[in-house]
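The values are calculated or read from the model by the stated rules, or taken from the named source; none is laboratory data. Treat the numbers as computed from the prediction; the structure is a model and nothing was measured. Ideal geometry is used to build each Cβ from the backbone, glycine not excepted, and the neighbour counts take in all protein chains shown. Heads up: the accessible areas ignore ligands, DNA and RNA and are worked out on the full protein's heavy atoms, side chains in. Shrake-Rupley method; radii C 1.70, N 1.55, O 1.52, S 1.80 Å.
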Amino acid sequence: MATKTVKKSAAKKAPAKKTAKVAAPKYGYFDDAAKEYVLTTPATPIKWCNYVGTLNFGGIVDTTGGTLVCKGDPALNRITKYIAQMPCSDFKASTIYIRIKDGKSYKIFSPFYVPTLTKMDKWECHVGLSYMRWIAEAFGLRVQVTIFVPTGSNTLLQDIQVTNIAGGAKEVDIIPVYEFSHFEAEKQLTNADWVPQTMTLKGHWEKDGHVVLEQYAYMKRDYAVNYVTADCKVGSFDGDRRVFLGQNEMGSWANPLSLQNKELANSECDRGDNIAALMIHAGKIAAKKTFRTCTQLGQEQSLKVAAKAIKKYRDLKNVDKAFEELAKFWENYLSTIQVNTPDAAFNSMVNVHNPRQCHTTKNWSRYLSLYQLGYGTSRGIGYRDSSQDLMGVMSHMPEEALVLTKNLLSVQRPEGNAMHQYAPLALEEDNGNEANAGDSREKKGVLDENGNPAYADWYGDDHLWIVLTVANYLRETGKMELLDEEIPFYEAGKKRAQREKGTVLEHLKRSVKFSREHLGKHGLPLLGFADWNDCMNLPLGAESTFNTALYAKALLEMMGIEEALGNKEAVEMYKGWYEDVKKAFNDSAWDGKWWTRWFDKDGNGYGVSSAKYGKIYCNGQSWPVISGIAFGDRAVQGMDSLNKLLNTKYGVKSSTPGYRGFEPAVGGISTYPPGAKENGGIFLHTNPWVMIAETILGRGDKAFEYYCQINPASKNGILDIFESEPYCYPQNILGDEHKQFGMGRNAWLSGTSSWTYQAATQFIIGIRASFNGLVVDPCIPSAWAGFEATRKFRGATYQITVKNPNHVCKGVAKMVVDGQEIDSNVAPVFTKGVHKVEVTLG
Ligand code: GLC
């Protein structure tokens, strides 16, 4: 009888299992153990990529082997000629050809699939932590290629291993190729006279058969040269694209005619399109045997200076060591915060992919991606963007973050507001390239009815973000002495040494003072050319409630800093300023069910129920909560209106409804069709602010729901809709007013990364640095019975266990640190050792 019952229930369960079976993802899968995303097809919906190295040396490697490398500055020191707008199937600056002798001719394929487009038996691209690895099988060969930049080096390595997986020996050649760009990236595209006249490639044979190909634009010959070489001897090379492709370039990248000859032509290039192609004869590879070689692409002052690195990476043991060191860097980096919650997708994002993306945005700001192409110096390191990016890496690399923080402070003007962006090399070399005031230049000539400039030439928010960034650094490190350090202000046209200087504290004071002194009719901070929302450009005199909230938040930070310094008077002063703006805001900005977003110079509200388009804005609701300026019930009501009117299954829209056509009066926002970007799109950067606001209100279930609906990992099953990389946040998803609702674009370089990481770690998990210790103040889904986390803080490791016996969202009932119950939810600063923190919610 018993047996029968068991059988019956087993039989009953079987169909359920069947239906639960998930179809294999179409494009790839997450390998959490290896911390990789593994692509199984090269035909991604759009170009996907990864980053290698850092801004000092590195760039983008796409999933089909295209490589965009630069040193220090994408616009001013670009190395390879990657043209992002070319179709996915085109050669883009680099590839490898594998050539197999087949009777009298050759079979040729690229393990990247591009550009030969050869059908393969197996193809995988492993998107790893600052490396890319392909495993491709065709014609009885398995080719493994790993591309990475050793930590701290100026060399891109390509570790190539070819294994004969079929029977019988195979005669194989390996031909890696790079194409160079003029160092001024934009000139490469806009000048076909001067650029090619300067581009030079020389081959240097060494006595033992190694070759080093040296490349430079003529005026860089004595200052910065690029080089390509390999660990092994090569048979021949080509430096001239025309020669390599053959028949005056009627040969193509898919089928370079020179590859039908045993050797390349050893062409140098005294002008024209410079490439570096090496003919590496692997010889006859016997069954099951592997041939390995490693190429180097680097830049140094001269080949003499490069000699040391060249020698180092010609030893494959050093290549292995460099790869291990890279893995150690990441292990150490990620170990700063690790979580173990009941939600696997949350863990994977918080433990690996999100902090990794934060490292990328910290490096490249909005300068270099497949969307932000890094041409011209009018873009660069963005003041507001980088200030926010820095907060995403502050716990992991505060001292490195400080270098960029100081650079940002050095483009703050003496008046207190900031330049909008700068090219990194322009700052370092003081070479006449100046920081710039940003897009506001576009409207410089526009005059109002009295003949005065109609638009501000400054942004209302830039200078306020840095207050938050510095406060983050101080809380993380406790190094208050930073505040006494002197840093110049930015004065266009003046050399760095001649500029006015001020202490870091003085810089911060001028930030908030600038906003205090630029208030509008309602007593709210002026918009300037724009606030966070770059696309709402109202004429001078407009006020922004976002700038209001950001200013208030910056004042809270100033109070915290001054308090920590013991400056009671200053605390009182900022408290007064805070109360003033809070009152002005509540007196003017409540629209009935939500907060107004802007007032134009005549006092008309934007983001109000009476408006036809843009009735309600997301940031208009979240930021009053984040900054604490929303009075009473209005905080909740604003957030509930947001939920009702702006939330979708793919994320919260930035506003609704979208403008239906270009309206010069509002500017940028109406250049997009409804549902796109700032015009009613799901502009993801705004979403973590909604999560943070919900945790402040104590609504952990809501916060987590907002978190999950934009988690890119959760899109792996709907990539034909989402299209963007599932391993990083894109900047925007099309909203529900758009036909392509759900489609993600502008991957990698988005403030979404820093803020979602902050939302997850500091507000949902609720572990954050304070001046006096480590705060544990979770706001989690009520279903969670608890979680564990490890956090490194000021030299010590905190092992935190949170229990949630009553299934609440928020509220610490008890905290025990190293066995001692303490009277708050702040674990003390220890500076060393491992410490146990047990927290009970209730
Ligand atoms: C882009 C800009 C950023 C701006 C945002 C919203 O992400 O880089 O500075 O805040 O758009 O307009």
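Summed over the range 227-253, the residues that are at positive phi and assigned to a loop (DSSP other than H, G, I, E, B) give a count of 1. The numbered conditions (1) in contact with a strand residue (DSSP E or B) (Cβ under 8 Å, 6 or more places away or on another chain); (2) in contact (Cβ under 8 Å) with a residue 24 or more places away in the chain; (3) farther than 30 Å from residue 359 by Cα are all true for residue 824 except (2). Scanning the range 697-732 for residues that are at pLDDT below 95 and closer than 29 Å to residue 625 by Cβ turns up 713, 714, 715.
Checked against the criterion of being open to solvent by 20 Å² or more (accessible area, probe 1.4 Å), part of a helix (DSSP H, G or I), touching a residue at least 12 places away in the same chain (Cβ under 8 Å) and of a type outside the set (Gly, Ala, Ser), the range 525-532 contains not a single residue that satisfies it.
Among the numbered conditions (1) closer than 18 Å to residue 641 by Cβ; (2) open to solvent by less than 20 Å² (accessible area, probe 1.4 Å), the only one that residue 536 does not meet is (1).
Applying the condition of being closer than 23 Å to residue 95 by Cα and either out of contact with any Leu (no Cβ under 8 Å at 6 or more places or on another chain) or among the acidic types (Asp, Glu) (or both) to the range 295-305 and asking which residue is surrounded by the most Cβ atoms within 10 Å (Cβ to Cβ) yields 299.
Screening 686, 695 for residues that are over 24 Å from residue 745 (Cα atoms) and under 30 Å from the mean Cα position of the chain (by Cα) leaves exactly one candidate, 695.
Residues in the range 640-678 that are among the polar types (S, T, N, Q), within 15 Å of the ligand (Cβ to nearest atom), open to solvent by less than 40 Å² (accessible area, probe 1.4 Å) and more than 30 Å from residue 777 (Cβ to Cβ): 655, 670. Scanning the range 53-88 for residues that are more than 18 Å from residue 424 (Cβ to Cβ) and either among the aromatic types (Phe, Trp, Tyr) or in contact with a Ser or Thr (Cβ under 7 Å, 6 or more places away or on another chain) (or both) yields 61, 63, 65, 66, 67, 80, 81, 82, 88. I need the full set of residues from the range 728-745 which are under 22 Å from residue 29 (Cα atoms) and open to solvent by less than 10 Å² (accessible area, probe 1.4 Å), in order please. 728, 729, 730, 733, 742, 744 - these are the residues of the range 728-745 that are under 22 Å from residue 29 (Cα atoms) and open to solvent by less than 10 Å² (accessible area, probe 1.4 Å). Of the helices (runs of 4 or more DSSP H) lying entirely inside the range 322-419, those carrying at least 3 residues that are within 16 Å of the ligand (Cβ to nearest atom) are 354-364, 383-391. Residues considered: 47, 35. Of these, the only one that is in contact with an Asp or Glu (Cβ under 7 Å, 6 or more places away or on another chain) and modelled with pLDDT of 95 or more is 47. Pairs meeting the criteria (first residue in the range 629-646 and over 17 Å from residue 552 (Cβ atoms), second residue surrounded by fewer than 19 Cβ atoms within 10 Å (Cβ to Cβ), beta carbons under 6 Å, at least 6 apart or on different chains) are 641/593.
Taking the criterion of being in contact (Cβ under 8 Å) with a residue 40 or more places away in the chain and not aliphatic (A, V, I, L, M), the residues of the range 141-151 that qualify are 146, 148, 150, 151. When residue 748 is tested against (1) on the phi > 0 side of the Ramachandran plot; (2) more than 16 Å from the ligand (Cβ to nearest atom); (3) not charged (D, E, K, R), exactly one condition is not met: (2). If you go through the range 727-743 and keep only what is within 14 Å of the ligand (Cβ to nearest atom), in contact with a Ser or Thr (Cβ under 7 Å, 6 or more places away or on another chain) and not hydroxyl-bearing (Ser, Thr, Tyr), you end up with 730, 731. Considering (1) over 26 Å from the mean Cα position of the chain (by Cα); (2) within 16 Å of the ligand (Cβ to nearest atom), the lone condition that residue 772 does not fulfil carries the number (2).
On the stretch given as the range 385-402, residues that are more than 21 Å from residue 792 (Cα to Cα) and open to solvent by 10 Å² or more (accessible area, probe 1.4 Å) total 1.
Taking every residue in the range 669-698 that is among the hydroxyl-bearing types (Ser, Thr, Tyr) and pairing it with any residue that is away from the ligand (no atom under 15 Å from the Cβ) and assigned to a helix (DSSP H, G or I), at least 6 positions away or on another chain, the pairs with Cβ-Cβ distances below 8 Å are 695/703; 695/759; 695/763; 695/764.
For first residues located in the range 734-748 and touching a residue at least 12 places away in the same chain (Cβ under 8 Å) and closer than 19 Å to residue 657 by Cβ, partners that are within 15 Å of the ligand (Cβ to nearest atom) and in a loop (DSSP other than H, G, I, E, B) and lie 6+ apart or on another chain with Cβ distances below 7 Å form the pairs 734/681; 735/653; 735/680; 735/681; 737/658; 737/680; 741/735. Condition test on residue 817, is it of a type outside the set (S, T, N, Q), in contact with a strand residue (DSSP E or B) (Cβ under 8 Å, 6 or more places away or on another chain) and in contact (Cβ under 8 Å) with a residue 40 or more places away in the chain? Considered against the rule, which asks whether it is of a type outside the set (S, T, N, Q), in contact with a strand residue (DSSP E or B) (Cβ under 8 Å, 6 or more places away or on another chain) and in contact (Cβ under 8 Å) with a residue 40 or more places away in the chain, residue 817 comes out as no.
Scanning the range 730-752 for residues that are among the polar types (S, T, N, Q) and in contact with a Gly (Cβ under 6 Å, 6 or more places away or on another chain) yields a single hit, 732.
When residue 550 is tested against (1) open to solvent by less than 10 Å² (accessible area, probe 1.4 Å); (2) at pLDDT 95 or above; (3) in a loop (DSSP other than H, G, I, E, B), exactly one condition is not met: (3).
Among the residues of the range 344-372, the one identified as modelled with pLDDT of 95 or more and open to solvent by 40 Å² or more (accessible area, probe 1.4 Å) is 371.
Of the residues making up the range 679-701, those that are within 16 Å of the ligand (Cβ to nearest atom) and not in a helix (DSSP H, G or I) are 679, 680, 681, 682, 683.
Residues in the range 539-553 that are of a type outside the set (S, T, N, Q) and within 14 Å of the ligand (Cβ to nearest atom): 546, 550. Of all residues in the range 1-28, those being in contact with a helix residue (DSSP H, G or I) (Cβ under 7 Å, 6 or more places away or on another chain) and modelled with pLDDT under 95 number 2. Evaluate the following for residue 513: is it of a type in the set (Lys, Arg), under 27 Å from the mean Cα position of the chain (by Cα) and not in a strand (DSSP E or B)? In short, no. Scanning the range 63-103 for residues that are in a loop (DSSP other than H, G, I, E, B), of a type in the set (S, T, N, Q) and within 19 Å of residue 215 (Cα to Cα) turns up just one, 77.
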